[in-house]
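One structure is given here, and the rest of the page talks about it.
Just so you know, all these numbers are worked out from the coordinates, no wet-lab data involved. Just so it is clear, the structure is predicted and the values come from calculations on it, not from any experiment. Note: ideal-geometry Cβ built from the backbone for every residue, glycine included; neighbour counts use all protein chains shown.
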Amino acid sequence: MEDLNADFSRQPSAVKNATDRLRAAGLGAFFRPTQLFDVGLTRDQLPALVRRGLVERVSRGLYRVADAAPTENYSLAMACARVPNSIVCLLSALRVHGIGSQAPAQVWLGIPHKARSPRLSGVKLRIVRFSAAAWTFGVKQIEFEGVAARITSPARTVADCFRLERLVGPEVAIEALRDALRRRLVTIAELARVEEVLPSRRLRAQLDLQSI
C-alpha cells in the first residue's frame, strides 16, 4: 500500500486510490477512523487526507468525505455531530417519523435550558430550550448517517407540538395528531402518558374529544 503520509505531489495515485475506496465503500457521507480498516486504509493515512481537503473533520472521532453528495438526513447528521448534546424535536422530528406534511428548512434541536446557543456554518438551526422532564422523557436514541443522536418519540413529538404550539402553529399540531393517530404511529394512551408528565391543556382537550 502506498504511503499517503509522504509527499502527495509524488504520489497522486495513492490519493486517488484512497478517495475511490472511501466513495466505493458505502460508508455514507460520515465515517469514523475505525471504519477505515474495512476499506483497506489505515488511521495513519487520515491526517494526510484531511490536509489534502479530501476528508473533513466534523467533530472528535467523526469525519466526512468532502465531496459526498448530501442525503435527506445530511443536515440532521451534521447538526447532531456538531451539537452532540441535543435532541431532534418538533418539525424535524415530525419529518423523521413521517408524521404530517412538514418539510422544515431548519433543523429543530432541543438543548439544555442554560446551554449556549450553537452556531453552525452551512446548517440552519431552530433552537428550543428543554429542562427537567422535558430533557429526558420520551427521548430515544437514533442514528443519522452513522452519527449517534437523540430524538423525541412520535408521541412526545406530537405532544410537543401542542405544548409549544406558539412555535409551530395550531394547524401543525392538529395535523400531527390526526395523522399520527390515523397511521397508528401513536395511541391515545401514549399521548395521555406524555401529557401527564408534560402537561398541555390543548392536548388534553383534543384527547378528551378523541375519547368521546
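Observations on the model:
- Considering only the chain, percent of DSSP beta bridges that pair antiparallel, nearest 5: 65
- Point-to-point label distance, Ile142-Lys114, nm (Cα→Cβ direction, 7 Å offset): 2.9
- When only the Cβ of Lys, Arg, Asp and Glu is charged (+1, +1, -1, -1), the dipole of the chain relative to its Cα centre reaches about 600 debye.
- Summing charges over all other residues whose Cβ lies under 13 Å from the Cβ of Ala189, with Lys and Arg as +1 and Asp and Glu as -1, gives -1.
- Inter-centroid distance (Cα atoms) of segment 34-78 relative to segment 146-184, Å: 33
- Loop-located GluC sites (Glu not before Pro) in segment 63-150 whose Cβ has at most 15 other Cβ within 10 Å (DSSP): Glu72
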